[in-house]
Amino acid sequence: MLKSKIATAATDSELFEKIANLQRDALSELYDRYANRLFGLAYKILNHESLAEDVLQELFVYLWENAQKLDKKRGNVSAWLTVLCRNRCIDKLRNLSSTQRHTAAIDDAIFLNMSNDESANLPDILSYKETQVKVKLALQQLPAEQLQPIMMAYFEGCSQSEIASKTNQSLGTVKTKVCLGMQNLRTIFETELQP
């Protein structure tokens, strides 16, 4: 019985052909075959569980959405998926790095303005710095898909329509991500960052 099960297992190329023909079970089988290894790679690169999960999900959504464009006779599927996962991780790191640089510049500008404000006293400045640290910690815990529109809206001054246009997402998707992100921030502040 076990021998016949092994003999009937589809090859990676056969799975790609089935995925190109929009057979969901083939995508599921490919996911089961590679998810653990790809998640391990993503986690090793990103050193963050939820970011690694995001990359894995994005990778398989990409496969499904582009199923009919896939090379049905792809040679080494394992190597291709590994490279695709690695590249997505690098893109995510670049995105996070630019976001972190941007928030650091904003933080410095706000702190400089507070420091130059003659009416600001030391306790106000220290309170601001403490709040700043809490905000950064909370933002770091948000999934990237929620962090990006929040950063664009609250730190870059973009409207939700502008965010939708710049990120090639629907306005409804952007609104949902911002709303969920703000709810997550509220939960993080209430549960994790209160003294």
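The values are calculated or read from the model by the stated rules, or taken from the named source; none is laboratory data. Keep in mind the model is a prediction, meaning the values are calculated, not measured. Heads up, the Cβs are rebuilt from the backbone with ideal geometry, glycines too, and the neighbour counts pull from every protein chain shown.
Things to note:
- Each residue in the range 149-165 was checked for being assigned to a helix (DSSP H, G or I) and touching a helix residue (DSSP H, G or I) at 6+ places or on another chain (Cβ under 7 Å), and 9 of them qualify.
- Among the residues of the range 8-15, some residue qualifies, meaning at least one is modelled with pLDDT under 85, assigned to a helix (DSSP H, G or I), acidic (Asp, Glu) and farther than 27 Å from Leu142 by Cα.
- The residues on offer are Asp54, Asp108, Asp124, Asp91, and the sole one that is exposed (fewer than 14 other Cβ atoms within 10 Å of the Cβ), at pLDDT 80 or above and assigned to a helix (DSSP H, G or I) is Asp91.
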